[in-house]
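Worksheet for the structure shown next.
The values are calculated or read from the model by the stated rules, or taken from the named source; none is laboratory data. None of these values were measured; they are calculated from a predicted model. Cβ atoms come from the backbone with ideal geometry, glycine included; neighbour counts cover every protein chain shown.
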Amino acid sequence: MRWWGFPVTRIYEKILFRPWSRVRSRAGKPPGSGGFMGTLATHPMVRVPLSRILSIDEIFRRLPFGIGLMAVARKRPTGT
């Protein structure tokens with residue numbers, strides 16, 4: 001298991017995603033359902049630089065901070 005989302009993703013989530021999510025929620029729309037921000041986020045001129053900026057978090061992946069935990073699991077083969 002490891003933490004993910006620190007420090008850049010945490011800042012992005014707090015400054016951009018949470019406020020946008022609240023606005024969508026008040027309008028009765030789920031945050032992931034299209035809209036201007038959803039369309040903008042898929043545009044290559046935004047998506048590519050944003051993904052590169054967010055990849056800075058990989059430098060800090062061993063620190064116990066972030067917005068979530070990630071786990072990798074494997075199913076054991078039957079008979080063992």
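Annotation note: Cβ proximity below 9 Å between a residue of the stretch 57-72 that is under 20 Å from Lys14 (Cβ atoms) and in contact (Cβ under 8 Å) with a residue 60 or more places away in the chain and a residue that is assigned to a loop (DSSP other than H, G, I, E, B) and among the aliphatic types (A, V, I, L, M) (sequence gap 6+ or interchain) occurs for Leu69/Met1; Met70/Met1.
Residue pairs whose Cβ atoms lie under 6 Å apart, sitting 6 or more positions apart in sequence or on different chains, and linking a residue in the stretch 1-27 that is without any contact (Cβ under 8 Å) to a residue 40 or more places away in the chain and within 19 Å of Ile53 (Cα to Cα) to a partner that is surrounded by fewer than 17 Cβ atoms within 10 Å (Cβ to Cβ) and among the charged types (D, E, K, R), do not occur here. Looking across the stretch 1-29, the residues that are outside any helix (DSSP H, G or I) and small (Gly, Ala, Ser) come down to Gly5, Ala27, Gly28.
Does Val72 fit the bill of being among the β-branched types (Val, Ile, Thr) and at pLDDT below 85? So Val72 does not fit the description; no.
Filtering the stretch 59-80 to residues that are surrounded by 10 or more Cβ atoms within 10 Å (Cβ to Cβ) and part of a loop (DSSP other than H, G, I, E, B) leaves Arg61, Leu63, Phe65, Gly66, Ile67. Filtering the stretch 6-41 to residues that are surrounded by fewer than 11 Cβ atoms within 10 Å (Cβ to Cβ), β-branched (Val, Ile, Thr) and either modelled with pLDDT of 80 or more or under 28 Å from Leu63 (Cβ atoms) (or both) leaves only Ile15.
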